[in-house]
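A quick write-up on the structure given underneath.
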Amino acid sequence: MSIQKSSIPKGTRDFSPIEMNRRKYIFGIIEEVFHHYGYLPIETPAMENLSTLLGKYGEEGDKLIFKILNSGDFLEKVNASGAVLDAKHLTPFISEKALRYDLTVPFARYVVQHRDQIAFPFKRYQLQPVWRADRPQKGRYREFYQCDVDVIGSNSLLNEIEIIQIVDKVFTKLNLSSIIKINNRKILSGIAEVIGEAAKITDITTAIDKMDKIGPHGVNKELESKGISLAAIDKLQPILHLIGNSEEKINVLLQLLASSKTGLQGIAEIRTIFDYLSHLTINTAVEIDLTLARGLNYYTGAIFEVKALGKEMGSICGGGRYDNLTGIFGLPNMSGVGVSFGADRIYDVLLESNLFPADTYTSSKVLLVNFGGKEEIHSLQLLTQIRKAGISAELFPDDVKIGKQFDYANKKNIPYVIVIGAEEMQSNLIALKDMKTGEQQKVNFDELLTILKN
């Protein structure tokens, strides 16, 4: 039998114990903040009906959905049809389910399906993996975790304020310097109107959302390739290059979009948000960015994106207001707003910035050396007492050379080692070694707990 090469699909990763400790640190802070603001957890299946997902993310998004082949002879219906089909038309015959692309659309489906058990406005959070058939690159994976927080069933802009507060609180607790960028889909629609290309709002937003990647020249080229007139592209330039503080940008927009009722509504909403924020203490900078479009089709109001300052990384958090998402599933007039924290990108930024606490690099706080015999029994009893005190500890399972046991402690980043020999048993003291400094001291049990807890 040939030996199979061990590998995993591109764009996926294994996580070591240390990596999992770091990830749990991120998830713990995010979940703690969500709870603090009154949000409740739910979970949805990894797979959804393909019909639930298709058409919600735009044409480009639909291409990135991982389809699941039907079980059994899934080509039977294809053969019976007798038609020559391309991949797009073949899909309905061979796939009825797909891995979820994000958590927002499954959430909308959940709300509709469970509306009789939900108290509105419904505040929920979700920490689960999603999958996208994207090209793997730095900060972009095919399997990654999203940490979503949404409130649905309310049109109030106070919800946008709370979302900003949540974002600010999470990144403050993570000690991660960031900036919250905000735009409004109605402003984007107004821009499309005043340049005379209202019908091509999707093409326009998709192009300008790439400003950071391809620059103004690249955006203009893409707009031209989508059939946007040169006159319209010229009218767009002052908006793409708009500078100043939030109030200055709003005043310019009021002039540029004076003829668009939709655009003016978007400006009013964004001005209200900044008015609220002026009365609050927010550690994270919030700025208007008109190139922020986010390609998802379901946003209708505020759009958010968070970037880590000084890092070559895409957004680490993003979201927005959606008014019609549940209407697709038969529950109209149910507006919601939320954001998704990209746990994997946050992880990469924290690691690069050396912002993980020291205890995320360790497993147990202390290792007890095993000498076998009576010493082993004595150490086992001591281990039980240490664990009862709420301290993570372990006893090496085998009576082997002490050097090997010390090596084990070093490889696991265990900061302390306890050595209990005949002398220690007789004196009822504990020999404690600090693995970082090499210092060794003899302490009683109470002193041991004080050192380990500190």
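The values are calculated or read from the model by the stated rules, or taken from the named source; none is laboratory data. Predicted model only: the values in this text are computed from it and were never measured. Positions of Cβ are backbone-derived with ideal geometry, glycine not excepted, and every protein chain shown enters the neighbour counts.
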Restricting the search to the range 378-412, which residues are among the β-branched types (Val, Ile, Thr) and either crowded, with 16+ Cβ neighbours inside 10 Å or touching a residue at least 12 places away in the same chain (Cβ under 8 Å) (or both)? Ile386, Ile391, Val400, Ile402
Can you tell me which condition Ile243 does not meet? The list is (1) modelled with pLDDT under 90; (2) of a type in the set (A, V, I, L, M, F, W, C); (3) under 19 Å from Ile303 (Cβ atoms); (4) not in a helix (DSSP H, G or I), and all the others hold. (3)
Assess whether Leu290 counts as being within 13 Å of Ile191 (Cβ to Cβ) and of a type in the set (A, V, I, L, M). yes
So, of the residues in the range 208-232 that are in contact (Cβ under 8 Å) with a residue 24 or more places away in the chain and touching an Asp or Glu at 6+ places or on another chain (Cβ under 8 Å), which turns out to be nearest to Val194 (Cα to Cα)? Ala232
Where in the range 246-338 are there strands (runs of 3 or more DSSP E), lying fully within it, with 2 or more residues that are crowded, with 20+ Cβ neighbours inside 10 Å and touching a residue at least 24 places away in the same chain (Cβ under 8 Å)? 302-308, 317-322
Looking at this structure, is Ile166 within 25 Å of the chain's Cα centre (by Cα), more than 26 Å from Lys24 (Cβ to Cβ) and of a type in the set (A, V, I, L, M, F, W, C)? no
Output the residue which, of all residues in the range 5-50 that are aromatic (Phe, Trp, Tyr) and modelled with pLDDT of 95 or more, is surrounded by the most Cβ atoms within 10 Å (Cβ to Cβ). Phe34
Is it the case that the range 68-82 has a residue that's outside any strand (DSSP E or B), under 21 Å from Thr326 (Cβ atoms) and modelled with pLDDT of 80 or more? no
What do you reckon, is Leu127 touching a residue at least 24 places away in the same chain (Cβ under 8 Å) and more than 18 Å from His35 (Cβ to Cβ)? no
Of everything in the range 133-173 that's modelled with pLDDT under 95 and out of contact with any strand residue (DSSP E or B) (no Cβ under 7 Å at 6 or more places or on another chain), which residue is surrounded by the most Cβ atoms within 10 Å (Cβ to Cβ)? Tyr141
Filter result (acidic (Asp, Glu), over 12 Å from the mean Cα position of the chain (by Cα) and either surrounded by 15 or more Cβ atoms within 10 Å (Cβ to Cβ) or within 16 Å of Ser177 (Cβ to Cβ) (or both)) within the range 339-359: Glu352
Would you list the strands (runs of 3 or more DSSP E) that sit entirely within the range 399-454 and hold 1 or more residues that are within 20 Å of Tyr361 (Cα to Cα), at pLDDT 95 or above and not aliphatic (A, V, I, L, M)? 416-419, 430-434
